[in-house]
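Values in this text are rule-based calculations from the coordinates and carry no lab data. Here the structure is a predicted model, which is why all the values come from computation and not from measurement. Cβ coordinates were reconstructed from backbone atoms using ideal geometry, including for glycine residues, and neighbour counts include every protein chain displayed.
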Amino acid sequence: MSFLADSLARVKPSATIAVTQKARDLKNAGRDIISLGAGEPDFDTPDNIKEAAIDAIRRGETKYPPVPGIVDLRQAISRKFQRENGLEYSPDQIIVGTGGKQVLYNAFVASLNPGDEVLIPAPYWVSYPAMVMLNGGEPVFVDTTLENGFKLMPADLEAAITPKTKWLLFNSPSNPSGAAYSADELKALADVLKRHPQVWVLTDDMYEHLLYTDEPFATLAQVEPALFGRTLTMNGVSKAYAMTGWRIGYAGGPDELIKAMTKIQSQQTSGTCTIAQWAAVEALNGPQHFIAERAAVFKERRDLVVSMLNQASGINCPVPEGAFYVYPSCAGLIGKTTPAGKRIETDEDFVTELLEAEGVAVVHGSAFGLGPNFRISYAAATEALEEACSRIQRFCNSLD
Ligand SMILES: Cc1ncc(COP(=O)(O)O)c(C=O)c1O
């Protein structure tokens, strides 16, 4: 009998962190490595945000915070939801957590009973199934297709719902596919959800500001107010404000759920770092112009990467509408052999051999539940992306 909890056996370590670590180890060993595995902006946190944190330290804002978050931050979040999403969450309906990741996790701690099903469109962010399983739930994957832009189809959603379905865990723009849903597409999904009142929606809007379509961002509770009372709208400052290390995420939702999550947090962390919270106040209340400027840079990088990958033989790379990932198919390379004599049977073989031969670290699609594909994070310097894509082209051409 193992000393460790049984639930742990169901959970895999994060593949994206594993790839990033492997790339780091190879680099330390002297190899020339370009690492495109990690999902974090290469930009720095803006200075006004850093200064707000320093001011908070100087003012002595260094004591335990209120468990759901400091009032100033919950007010700033309430205004953000109003201003950007047309959603009316009062500060009492908002919780701040240690990254969006903890907010999601605690929503499951607060709501899942053994056997409860959580619908997860695939490909999905690697942490979703693990979070559900660690809390006794059953992830139910709903596959999407490259032809449909990796978007959940209303009929597939309808077919996946059972009496045990508790949540739809929804992410747009998506990590890893970059798929971003229009308001009309969301409305079509909302129409299905309206017929199933037992299903709640956990919408992960983390990549809201990394959107490259003409249409503005939309979120489910906004396009269908009938869902507002059973939606947890999650977001954070990590991606939009280049604040991954500050660990601030938040959600707005129904009072009962927010109270339950606060109860959990009271026994778990007592709340999030006060200094990081004051930095997030400045992020949300301060100047916003750099977000669009940085998104424009990401869009240029996306176009470069998509175009170069589509010139690599055997790769099919659709144009994603948001986030900072591309999710090309490598189906055309399965069954081929490398010059070193290794046969590529899976997308995991593809990324392993690519790293070995050319020193480019990317993540295999099977880690995100849909392959044969791979994910490239283009949150990296343009020259590094150009060089990485040239190496991928060379690698693909070398396969026989
Ligand atoms: C889809 C998605 N949701 C949530 C998160 C978590 O964000 P945070 O860094 O705020 O915990 C990430 C981070 O990679 C993500 O990709």
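For a quick check of your reading of the model, give me the residue pairs whose first member lies in region 227-255 and is acidic (Asp, Glu), whose second is near the ligand (Cβ under 9 Å from one of its atoms), with beta-carbon atoms closer than 9 Å and at least 6 apart or on different chains.
From residues that are acidic (Asp, Glu), there are no pairs.
I need the full set of residues from region 11-47 which are more than 21 Å from the chain's Cα centre (by Cα) and surrounded by fewer than 14 Cβ atoms within 10 Å (Cβ to Cβ), in order please.
25, 28, 29, 30, 31, 32, 47
List the number of the failed condition for residue 7; all other conditions in (1) in contact (Cβ under 8 Å) with a residue 40 or more places away in the chain; (2) polar (S, T, N, Q); (3) surrounded by 13 or more Cβ atoms within 10 Å (Cβ to Cβ) hold.
Just one mismatch for residue 7, condition (3).
Do we have residue 166 as among the basic types (Lys, Arg) and not in a loop (DSSP other than H, G, I, E, B) here?
Judged against the criteria, residue 166 is a match.
Within region 119-150, track down each residue that is assigned to a loop (DSSP other than H, G, I, E, B), crowded, with 20+ Cβ neighbours inside 10 Å and on the phi < 0 side of the Ramachandran plot.
Selection gives 123, 124, 125, 126, 135, 137, 144.
Within region 83-108, count every residue that is part of a loop (DSSP other than H, G, I, E, B) and either within 13 Å of the ligand (Cβ to nearest atom) or within 19 Å of the chain's Cα centre (by Cα) (or both).
Looking only at that region, the number is 1.
Just the residues that are in a helix (DSSP H, G or I) and free of Cβ contacts under 8 Å to residues at least 60 places away in the same chain, please, taken from region 334-386.
Those that are in a helix (DSSP H, G or I) and free of Cβ contacts under 8 Å to residues at least 60 places away in the same chain: 347, 348, 349, 350, 352, 353, 354, 356, 357, 358, 366, 383.
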